[in-house]
Amino acid sequence: MKRKVSLDSPHTPESIPYIIQNLKAAYGAPKAQRGLDPLDVLIETILSQSTTNANSDRAFDSLKRRFPTWEAARRARVASIEAAIRSGGLARQKSVRIRELLNQIHKRRGSLDLSFLTTAPLEEAKQFLASFKGVGPKTVACTLLFACNRPVFPIDTHIFRIARRLGLIPEECSDEHAHSLMGEMIPRERYFEAHINLIRHGRRLCRPRDPLCEQCCLVDYCDYYNNR
């Protein structure tokens, strides 16, 4: 296997354009959904932590049915929020976190409107979201990329696994450092596409156990495959 070297900067392996293009050939070009509410995405991402997509989707839909507005949820008892999101797992912890988050946003901003994140300086938007308990780099990045169309690359467990196997990030790499490294490697205009397609790839082929390497479109660039 030819060793990856940088073409444009010390942070950009030459394999990146081919990885993104091969994923696009395999999974298509995903289309971003416009007009999402940042607070919806923020809470939906919190609900997705440590559970499956199906469970978190059910919990979010149940929460929205129970509380038509986030102000209603903010004024509700924690037990009512917990009951609404029980299908998502870790309902007790997440209900407390959501209630505290809503109260803190209202206290700081005077409302629950987070539309300012769309136009605020990017670092300020990141710092604002990261200042809340339970909001890590992935949640910050998902909120800004999906709801605000800001150039931030989110890394979930699938992307972590694939990036390590490809040799793009070290085996021992913190969440924050991985976000920084991958954000530097991937072209900003391809963030959404790369994020979605890497997740699709992780679910279908590059699985935690028994990855289907013989069917993989990235084997030519994969340290894991070539070192097995």
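The values are calculated or read from the model by the stated rules, or taken from the named source; none is laboratory data. Not measured: the values here are computed from a predicted model. Positions of Cβ are backbone-derived with ideal geometry, glycine not excepted, and every protein chain shown enters the neighbour counts. Just so you know, the surface numbers come from the protein's heavy atoms only, side chains and all, with ligands and any DNA or RNA stripped out. Shrake-Rupley method; radii C 1.70, N 1.55, O 1.52, S 1.80 Å.
Being of a type in the set (A, V, I, L, M, F, W, C) and closer than 19 Å to PHE146 by Cβ is the filter; apply it to the range 179-225 and report the residue that is farthest from the chain's Cα centre (by Cα). The residue in question is ILE186. From the list LEU205, LEU198, the lone residue that is surrounded by fewer than 21 Cβ atoms within 10 Å (Cβ to Cβ) and modelled with pLDDT of 95 or more is LEU205.
Within the range 86-98, the set of residues being open to solvent by less than 60 Å² (accessible area, probe 1.4 Å), touching a residue at least 24 places away in the same chain (Cβ under 8 Å), part of a helix (DSSP H, G or I) and not aliphatic (A, V, I, L, M) comprises SER87, GLY88, LYS94.
Within the range 21-34, the residues that satisfy the criterion of being open to solvent by 10 Å² or more (accessible area, probe 1.4 Å) and either farther than 16 Å from CYS142 by Cβ or outside any loop (DSSP other than H, G, I, E, B) (or both) are GLN21, ASN22, LYS24, ALA25, ALA26, TYR27, GLY28, ALA29, LYS31. Looking across LEU166, LEU102, one residue alone is more than 26 Å from ALA59 (Cα to Cα) and either modelled with pLDDT of 95 or more or of a type in the set (D, E, K, R) (or both). It is LEU166. Which condition number in (1) free of Cβ contacts under 8 Å to residues at least 24 places away in the same chain; (2) open to solvent by less than 30 Å² (accessible area, probe 1.4 Å) is the one that CYS148 fails? All conditions are met except number (1).
Applying the criterion of being modelled with pLDDT of 95 or more, in contact with a helix residue (DSSP H, G or I) (Cβ under 6 Å, 6 or more places away or on another chain) and not in a helix (DSSP H, G or I) to the residues of the range 114-134, the residue that is farthest from LEU90 (Cα to Cα) is LEU114. Taking the conditions (1) at pLDDT 95 or above; (2) part of a helix (DSSP H, G or I); (3) open to solvent by 40 Å² or more (accessible area, probe 1.4 Å) in turn, SER111 satisfies each one other than (2). Quick check on my filter: what residues within the range 163-195 are open to solvent by 70 Å² or more (accessible area, probe 1.4 Å) and of a type outside the set (D, E, K, R)? The one that is open to solvent by 70 Å² or more (accessible area, probe 1.4 Å) and of a type outside the set (D, E, K, R): HIS177.
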